[in-house]
Amino acid sequence: MEIFEKIQKAIEQKDFSKAKEIAEKIDDETERYNALGIVHYYEGKKEEAQTFFEKALKINPVHDDVLFNYSKVLLEKGEYFESWRYLTRINEKTWEVYDMLGDTQLQQNNLAMALHHYRKASKLSGILEMKEKYEALKKQFKKDTKVAFLCLPGLDHFIKDIANILSEMYEVKLVVTKDGKQIVDAYNWADIVWLEWANELAVEITGKLPKGNKRILCRLHSYEALVNYPERINWNNVDTLILVADHMKDVLKDYHQSVYEKIKNKIKVIPNGVDLNRFRFKVRSPGFNIAVVAHINHKKAPEMWLQVIGLLKSIDERYTLHVAGDFQELRYANYFKYFIKETGLEKNVKLYGFVHNIEEFLEDMNYVLSTSVHESFGYNIAEAMACGIKPLIHNYHGAKNQWSESLIFNFIGEIPNLIKGKYESEKYRRYVEDNYSLESQIKNIADMIESLPKAKIKVEQVKEKGVWDNLWKRYSEHDILSLVNSPEGKVLRSEFVNLLNRFFVLKGSKILEAGCGSGIISIDLSKRGAHYTGIDISQDSVNLSEKVASFFELRNVNFRKMDAFNTVFSEREFDIVFNIGVVEHFQDEDIIKMLKEMARVGRFIVVGVPYSGSQIYELSEEISQESGTWEYGSERDFYSLKDLFEKAGVRLLHEEIIGSFSEPFCLKRINPSLIKKQLARNLEKMLQGEENIGSWLLAIGTNDKTCEEIFEKARKENGRVVFSPQLEIVKTRYPSVSIVIPFLNARKYIKSTVEDLYLLSYSNFEVVFVNDGSTDGSAEEIEKLLAKEKKFPYKILNLEKNEGPFLARYRGTLAADGEYIVYHNIDDRLQLNGINRLFLDTANFRKNALLAVSVALMENRKCTGDVWLIDIERKPLDYFWKTMEFLSGEIHPINTLVPKKFLLESYSSLVSLLEEYGKNFSVGEDVLLAYQMVLDGALEDIVPVYYTFEGYEIGNVSSVSKNIEKRVQSLPLVISYIVVSLAKKHLVDFNQLKGIENHIRSRAKTLYGEILGEKFWENFLKYKNFFEKILN
C-alpha cells in the first residue's frame, strides 16, 4: 500500500519520471502495468496508458481496477462501445462505474439506457451532484408518449426490464393481469400499445377493440408461431410485428404462409438482450462440470442430457451433469429417477430443481449444454457465454444464425471433440456483448418507437362495457382445461366436496354459490347430481362460468349476475349456500350482512376463508404485502368463524381445515423450492388418514332450528342429511369390499402392507392376496404376520405359475366375496381413510362413475412431494385420445372402489380375448380395464378425485411398469385395442386413423429411441391385426 501512496504523491507533484521508477519496482506484473498506465494517463500520454492497461488485462482480464482505468481511457478517446464492453466486465461495480456506463450510452444516443444507469449511480452514490445530473437529463429527454405493455400473468419475465428502462424516457404502464377493466383502462390511456406475446390476449385486443389512432406493436416469441394464433390475430390493427430472431420469419412462412405474405412488411427483428452487468465474467478452463439451465420438458429434449453424460462418463468418470431446472412433466421425473439409477449415473447427474440465482449456480461450471429442439433465443446459452462458459449447442433451426458454428453439434458423438476444442472465455463473452446486449435491445426498441408517426394520438374511449364483459369469453378449450386443472384449485375443490359428502348427500340437492368467480366448482357438483346456481356481481365472471358449463356440457347448472348481499331468492330456496375465498375481503359488518342473506335463502351455509393457523399462509401474505406483490387487496384470515356466525344469527355446526395443496403453493411467494418439501409433508399426513391439513378454514352453519337438530342427529347416528321437500336422514351403509393384492416376490413389502391394512378406517373389508408364482416366501410371510392377529378376513390364492398382473387380478376378483373391489399394488400405499371417502362419494352418482385416484410418488415409502395428478377432461373418450397421443394411460381402477358385478363383466370379456397374451401383459393392463368398462357402458363417467391418493413407490426398480422393454411389449397392446375399438364403433374415420397411426410411430421413436420405438410400432401392428380379426 505504501508504494502506491508514493506513486500518487509523485503524480500530484507532477514528477512522472519518479512515479514510473517507483512503479517499475512493483513485483506483481498486473499491478505494475496498471500503475504505469495510471502514470502515463496523468502525464497526458493516453496511447501509452492504453498499451499498459492492455498488457495488464492480458495477464488478468478480470482485474476491476484495470478494467475501470482502461474503460476510462477508451471513453475519453471516443471509443464508447469498447468502453462500455469493459465496464460491464467489472464485477464489483461502484456508482462511478454506473456513471460511466451512462456516459457510454448517452454518447451512443441510447437515452433510456443512459438514464437507467444514471439512476443507479444516483442511488448508490448519495451525492447531490450525481442526483442533479440524473434529474436534469431525465427532464431533458423525458417524453409525454404513453406506452402500455399488456401481458397475461406468468408471461412477463421477458418484458419487465424493458418496461422499467423505457419508463425513464416515456410514460409507461406495465399491466400484467387477466382483469378486463385494468386492461381496458391501460388501453384507453395509451398512445402506443405493446402486446407481449402473440397469444390469446393479442387475439382479443386486435379483434375486439377499436384501434383508432393508436400504434399497436405485437411481439411474437416462439410458441405462438407453432399453433394457430397468427391466423386468429387481426393484423390490420397491428402496426409492427416484433420477432426476436430472423429464423422465426422462416417458421411463420413455413406454417402460416398466407399470414406471412400479409404481414411480412410489418416485421421487425429485434434480438433479445442480456443484462451483462448481472453476469460475472471470468476466464475459465476445460473441466468436468457441465451445466444445464432449463425447465425439464419435452421442448428441451432432456433425454439427450443423460445420453451425453453417459457418453462422457465412458470417457472420464469425473464428468458431472448439473441440472438447474424443475420437472414440468412428471413422466420425465419418473424417467430420470429410473434411468439415472438403472445406468449408474447417480454420481454423474446432480439435480438442483428450480434455481433462482443462476449466476451463483454457473460459478463453477465449465460448459453449458443446450439440446432444445426449438428455440427463438436461448437465454441459457447467452447468459453462460456472458460468464465465459463454453456452450455445447444442439443444432436447432436457427442455431447457426445465432451462434458460432464451432459451438454447435448435430449428434452427441461430436461432443467429445467439441469439448477438446479451444476454450476461449473472452471470445464467448465478446460474442454476447457484440450481438445480444440489453443495451442494444433497448436502443433498437426506442428507435422503433421513435420511428412511429409522431401525431398526438387521441384515444377513442371504449364505451361499450360489453366489449370487456366478453373479454374472457375468448377462453379456448385448452384455456378452460388449464383453468380447471390448476393443481391447488382442483385439489381444494375435491376436498370441499369430500367435506360436504361427510354430512350431506349431494345428489338431488339445490346448491347456491354466492360469488362464483369462474364457476369451476359447478363441474364437481353437477357431476354429483346437484342442481347448482352460481351468482356473481361481475358479468365477466358469469360469462366465463357459462363458458365452462357449456364446455363440459353440464346439466342442472345456472348462472346469474346478482349481488350476493341482496339476492332475489325466496327463503330456504336452496339446501346449501356456500362461498370460498369471498368474505375475507370484507369487514365484519359486511360479512355479517352476507352471512344473514346466505342463511335466509339456504337451509345450511358453508363458508371458506384463509386459516390463521397456517403459518405458511400467514408468512406468505406478510412478505408479499411488504414487497408489494400481493394481488388480492385487503384479505383477512381467521382461526374461527364462530363469533361472526353468532352475530349473524347463525349456529356454527362444524369447522374443519382443508387446502392440503393450497398451503404448500403459498410458498411460491417466499421460496418456490420449498413447495415440494411441504407438499411431501402434507401428503404423508393425508396417506396416514389425518384430517385438518391446509390453509383454508371451512365452517358449516344454519339459522334454522329444525336443520340444526337434523344435522346433529345425523352426525350422532353416523348418517347423512338427504335433501327433499322434507329433510331426511339416511344411515350410512358400508358395503363389503374386497381388496385384491397380487404379488410376485414382494417379501420386503409384506410387513408394511399388512400394517397399513390393520390401520384402515374402513371396517367391512376382506383382503384377497394373489401369489403370482413367488419363490421368495412372500405367501408364507403373509400367513405368519396375519396369524398373530386376525383383524380382518383374508384369502391367499396361490397360482401354480406366474401369470402376470392382468390375469392375477382377474383370479383374485373371481375369488372375492365383496360387493366392491379395490385393486392395490403391494409396493404402494393406500390412504387409510381413502375407501371411506370414496364410498361416501359413490352415492352421489346416478350411474356408475370411475372415481379415478391420482398418485403421490414415494421413495422408501415416504412421499417425495412429486405427484401425478390426473387431468380433468370433458368426456371419458378424451382420456382415450390422450392415451393415444402420449402412449401412456393415466386412468386406471387402482386404489378406487369399483362394483364387482360391472367389473367382472368387462374383465371377463377382456380375458377371453387376451388370455394368450396374459402373462406378457404387464404394463397398462389396468388402463385397458378402465377403458373396456367405458366401451361396455359399465362406466358412464370418469371423475378424477383428489381427496385421496395412491402412494406409488417409484424406487421399486423391479416393478414391471418401470421396465422399458416391458412397456414396449405391453403398451402397444393397449394402444392397438383402443384404436381398433374406436374404429369398430365408428368414432374415428379412415383419415383420422392414419393420422393416429403415424403419430403413434413417431411418438414411440421419440420416447424409446429408434430401435425400441420401431419395436413398439411392430408390436402395435401385430396386436392391431389380431384385434381387427376378433373384435366385432
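Would you check if L759 is touching a residue at least 40 places away in the same chain (Cβ under 8 Å) and outside the structural domain of V721 (by TED's automatic domain parsing)?
In short, yes.
What's the number of the condition V283 fails, among (1) assigned by TED's automatic domain parsing to the domain that holds V203; (2) among the β-branched types (V, I, T); (3) assigned to a loop (DSSP other than H, G, I, E, B)?
If we test V283 against (1) assigned by TED's automatic domain parsing to the domain that holds V203; (2) among the β-branched types (V, I, T); (3) assigned to a loop (DSSP other than H, G, I, E, B), just (1) comes out false.
So which residues in the stretch 1-58 are in contact with a Leu (Cβ under 8 Å, 6 or more places away or on another chain) and basic (K, R), if there are any at all?
K20 - this is the single residue of the stretch 1-58 that is in contact with a Leu (Cβ under 8 Å, 6 or more places away or on another chain) and basic (K, R).
For G649, state whether it is more than 20 Å from the chain's Cα centre (by Cα) and touching a residue at least 60 places away in the same chain (Cβ under 8 Å).
When the stated conditions are applied, G649 does not pass them.
Within 19 Å of G37 (Cβ to Cβ), among the charged types (D, E, K, R) and buried (at least 23 other Cβ atoms within 10 Å of the Cβ): is that true of R85 in this structure?
no
Within the stretch 315-353, restricting attention to residues that are acidic (D, E) and part of a loop (DSSP other than H, G, I, E, B), which residue is nearest to A294 (Cα to Cα)?
Going through the qualifying residues, I end up with D326.
If only one of F765, F743 is under 30 Å from L913 (Cβ atoms) and in contact (Cβ under 8 Å) with a residue 12 or more places away in the chain, which one is it?
Selected residue: F743, the only one of F765, F743 that is under 30 Å from L913 (Cβ atoms) and in contact (Cβ under 8 Å) with a residue 12 or more places away in the chain.
Could you check the stretch 431-463 and list, in sequence order, the residues that are more than 25 Å from V172 (Cα to Cα) and either modelled with pLDDT under 95 or surrounded by fewer than 17 Cβ atoms within 10 Å (Cβ to Cβ) (or both)? Explain how you work it out, then say what you get.
Residues of the stretch 431-463 that are more than 25 Å from V172 (Cα to Cα), as a first pass: 431-435.
Matches in the stretch 431-463: D434, N435.
Out of the stretch 560-579, which residues are farther than 21 Å from E708 by Cβ, assigned to a loop (DSSP other than H, G, I, E, B) and not aromatic (F, W, Y)?
M562, D563, A564, N566, T567, V568
Restricted to the stretch 662-698, and to residues that are basic (K, R) and either buried (at least 23 other Cβ atoms within 10 Å of the Cβ) or modelled with pLDDT of 90 or more (or both), which residue is nearest to the chain's Cα centre (by Cα)?
Among them, the one singled out is K676.
Among (1) under 24 Å from Y428 (Cβ atoms); (2) modelled with pLDDT under 95, which single condition is F68 missing?
It fails just one condition, (2).
Tell me, which residue of the stretch 549-559 that is in contact with a helix residue (DSSP H, G or I) (Cβ under 7 Å, 6 or more places away or on another chain) and not polar (S, T, N, Q) is surrounded by the fewest Cβ atoms within 10 Å (Cβ to Cβ)?
Top of the filtered list is R555.
When you scan the stretch 630-638, do you find a residue that is closer than 26 Å to T702 by Cβ, hydroxyl-bearing (S, T, Y) and at pLDDT below 95, even just one?
The answer is no, given that none of the residues of the stretch 630-638 is closer than 26 Å to T702 by Cβ, hydroxyl-bearing (S, T, Y) and at pLDDT below 95.
This table checks each residue for (1) in a helix (DSSP H, G or I); (2) among the small types (G, A, S); (3) surrounded by 22 or more Cβ atoms within 10 Å (Cβ to Cβ).
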{"residue": "D364", "(1), (2), (3)": "no, no, no"}
{"residue": "S372", "(1), (2), (3)": "no, yes, no"}
{"residue": "E375", "(1), (2), (3)": "no, no, yes"}
{"residue": "M385", "(1), (2), (3)": "yes, no, yes"}
{"residue": "G388", "(1), (2), (3)": "no, yes, yes"}
{"residue": "H397", "(1), (2), (3)": "no, no, no"}
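Hey, can you tell me all the residues within the stretch 335-347 that are surrounded by 19 or more Cβ atoms within 10 Å (Cβ to Cβ) and farther than 15 Å from M304 by Cβ?
Result: K337, single match.
Return the residues of the stretch 23-72 that are of a type in the set (V, I, T) and surrounded by 19 or more Cβ atoms within 10 Å (Cβ to Cβ); say none if nothing qualifies.
Hits for the stretch 23-72 are I38, V39, V66.
Exactly one of these conditions fails for L101: (1) more than 17 Å from E450 (Cβ to Cβ); (2) surrounded by fewer than 22 Cβ atoms within 10 Å (Cβ to Cβ). Give me its number.
If we test L101 against (1) more than 17 Å from E450 (Cβ to Cβ); (2) surrounded by fewer than 22 Cβ atoms within 10 Å (Cβ to Cβ), just (2) comes out false.
Hey, among the residues in the stretch 872-891 that are basic (K, R) and within 12 Å of F552 (Cα to Cα), which one's surrounded by the fewest Cβ atoms within 10 Å (Cβ to Cβ)?
Within the stretch 872-891, the match that is surrounded by the fewest Cβ atoms within 10 Å (Cβ to Cβ) is K875.
Kindly evaluate F158 against the criterion of being surrounded by 16 or more Cβ atoms within 10 Å (Cβ to Cβ), part of a loop (DSSP other than H, G, I, E, B) and not acidic (D, E).
It is true that F158 is surrounded by 16 or more Cβ atoms within 10 Å (Cβ to Cβ), part of a loop (DSSP other than H, G, I, E, B) and not acidic (D, E).
Which of (1) surrounded by 17 or more Cβ atoms within 10 Å (Cβ to Cβ); (2) under 20 Å from R278 (Cβ atoms); (3) of a type outside the set (V, I, T) is the odd one out, the single condition K123 does not satisfy?
Checking K123 against (1) surrounded by 17 or more Cβ atoms within 10 Å (Cβ to Cβ); (2) under 20 Å from R278 (Cβ atoms); (3) of a type outside the set (V, I, T), the one that fails is (1).
Which ones in the stretch 511-539 are charged (D, E, K, R) and either surrounded by fewer than 24 Cβ atoms within 10 Å (Cβ to Cβ) or part of a loop (DSSP other than H, G, I, E, B) (or both)?
Selection gives D524, K527, R528.
Any residue that is of a type in the set (G, A, S) and outside any loop (DSSP other than H, G, I, E, B) - is there at least one of those in the stretch 229-247?
Looking through the stretch 229-247, none of the residues is of a type in the set (G, A, S) and outside any loop (DSSP other than H, G, I, E, B).
Got a number for residues in the stretch 215-234 being among the hydrophobic types (A, V, I, L, M, F, W, C) and at pLDDT 95 or above?
Filtering the stretch 215-234 for residues among the hydrophobic types (A, V, I, L, M, F, W, C) gives 216-218, 220, 225-227, 233.
Filter once more, so that each one left must be at pLDDT 95 or above: 216-218, 220, 233.
So the count comes out to 5.
Give me the pairs, please: first residue somewhere in the stretch 3-28 and assigned by TED's automatic domain parsing to the domain that holds A56 and within 14 Å of H40 (Cβ to Cβ), second residue anywhere and surrounded by 17 or more Cβ atoms within 10 Å (Cβ to Cβ) and among the charged types (D, E, K, R), beta-carbon distance under 8 Å, and either six or more positions apart or on two chains.
From residues that are assigned by TED's automatic domain parsing to the domain that holds A56 and within 14 Å of H40 (Cβ to Cβ), the pairs are A23/R32; E24/R32.
Would you please name the residue that is farthest from K527 (Cα to Cα), looking only at residues in the stretch 812-828 that are charged (D, E, K, R) and at pLDDT 95 or above?
Here the residue is D817.
Each row is one residue, and each column tells you yes or no for (1) in contact with a helix residue (DSSP H, G or I) (Cβ under 9 Å, 6 or more places away or on another chain); (2) closer than 30 Å to E573 by Cα.
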| residue | (1), (2) |
| --- | --- |
| N682 | yes, no |
| A699 | yes, yes |
| E717 | no, yes |
| E728 | yes, yes |
| Y734 | yes, no |
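Would you mind stating whether I159 is of a type in the set (A, V, I, L, M) and in contact with a helix residue (DSSP H, G or I) (Cβ under 9 Å, 6 or more places away or on another chain)?
Criteria not met by I159.
How many residues are at pLDDT 95 or above and charged (D, E, K, R) when one looks only at the stretch 172-199?
Qualifying residue count for the region: 2.
Could you grab me the full set of residues in the stretch 873-921 that are modelled with pLDDT under 80 and in contact with a strand residue (DSSP E or B) (Cβ under 9 Å, 6 or more places away or on another chain)?
Result: E890, single match.
Is it the case that A291 is more than 18 Å from the chain's Cα centre (by Cα) and in a strand (DSSP E or B)? Working first, answer last.
Working: more than 18 Å from the chain's Cα centre (by Cα): yes; in a strand (DSSP E or B): yes.
The answer is yes for A291.
The values are calculated or read from the model by the stated rules, or taken from the named source; none is laboratory data. Just so it is clear, the structure is predicted and the values come from calculations on it, not from any experiment. Neighbour counts run over all protein chains shown; Cβ positions are idealised from the backbone, glycine included.
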